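Read through the structure below, which is laid out as structure tokens, and then see the notes.
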Amino acid sequence: MPLSGSFIDDRDATTLTYAVRDNSNPGLFSTVAVNSVTRMLTLMYAPGQSGEATLTITATDSGGLSVAAPLKVIVRPAAPAPDPNPGGGAPPLPAGTKMVMGRLFTRAPGSRRKVAAAGVAVFLDANANGTRDANEPAVTSAANGFYAFTGLAAGKYQVRLADAAWQLIARAGKPPRPVIVPARRRKAVMAMPMLLAAAAP
């Protein structure tokens, strides 16, 4: 802040010198300085500190006469950063231009033949907890069993079932491997096909 307009001297207005004589709360600041050329007072607040301080500013003329005036400074606590995930659960997925596609199958009734599983919801499990959270995107498979997640950034994704009416028939008891989306990939990345069965009532 400029100090030159805070003090008036009819004879010596342009030659006044300024100084900080007293500081009632020095821990509030990391730096308190007056520039003798620009007559600017600079206050650098100490990280994580808040409160009040009274600075005593002196103005001295060329004859050595001076006057002091108090300057009250209030430092309020910093506002907390907004919660990127106010609803809890998984954080929002970063946006991008990538796509992950996959296909869902089930067995035809009374047969070992695979048929498309349509209308089944799947989601991207961002925090790997096995449950769909508010920020995790979900899509529904089309009539041919295909699904697609768009607007993704490069990274690793785990596709899981979001439909309680179905259960995954895992190969050798293992869930599908995560889908790796490379940064330089322009085409859609295909997830491993998932074979489903109706969940037990």
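The values are calculated or read from the model by the stated rules, or taken from the named source; none is laboratory data. The shown structure was predicted, so the numbers you read here are calculated from the model rather than taken from an experiment. Heads up, the Cβs are rebuilt from the backbone with ideal geometry, glycines too, and the neighbour counts pull from every protein chain shown.
Give the number of residues within the range 120-136 that are assigned to a loop (DSSP other than H, G, I, E, B) and either without any contact (Cβ under 8 Å) to a residue 12 or more places away in the chain or of a type in the set (Phe, Trp, Tyr) (or both).
Within the range 120-136, the first condition is being assigned to a loop (DSSP other than H, G, I, E, B), and the residues that meet it are 120, 125-136.
From what's left, either without any contact (Cβ under 8 Å) to a residue 12 or more places away in the chain or of a type in the set (Phe, Trp, Tyr) (or both): 131.
So the answer is 1.
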Mind listing whichever residues of the range 127-173 are surrounded by 17 or more Cβ atoms within 10 Å (Cβ to Cβ) and hydroxyl-bearing (Ser, Thr, Tyr)? Ser141, Tyr147, Tyr157
Looking for something in contact (Cβ under 8 Å) with a residue 40 or more places away in the chain, surrounded by fewer than 18 Cβ atoms within 10 Å (Cβ to Cβ) and among the polar types (S, T, N, Q) - is there at least one such residue anywhere in the range 62-80? yes
Counting just the residues of the range 104-137 that are under 13 Å from Tyr157 (Cβ atoms) and among the hydrophobic types (A, V, I, L, M, F, W, C), which one comes out farthest from the chain's Cα centre (by Cα)? Val122
Quick check on my filter: what residues within the range 19-44 are at pLDDT below 90 and surrounded by 14 or more Cβ atoms within 10 Å (Cβ to Cβ)? Arg39, Met40
Step by step: first the residues of the range 50-61, then only those that are of a type in the set (S, T, N, Q) and surrounded by 15 or more Cβ atoms within 10 Å (Cβ to Cβ), then the one that is modelled with the lowest pLDDT. Which residue is that? Thr60
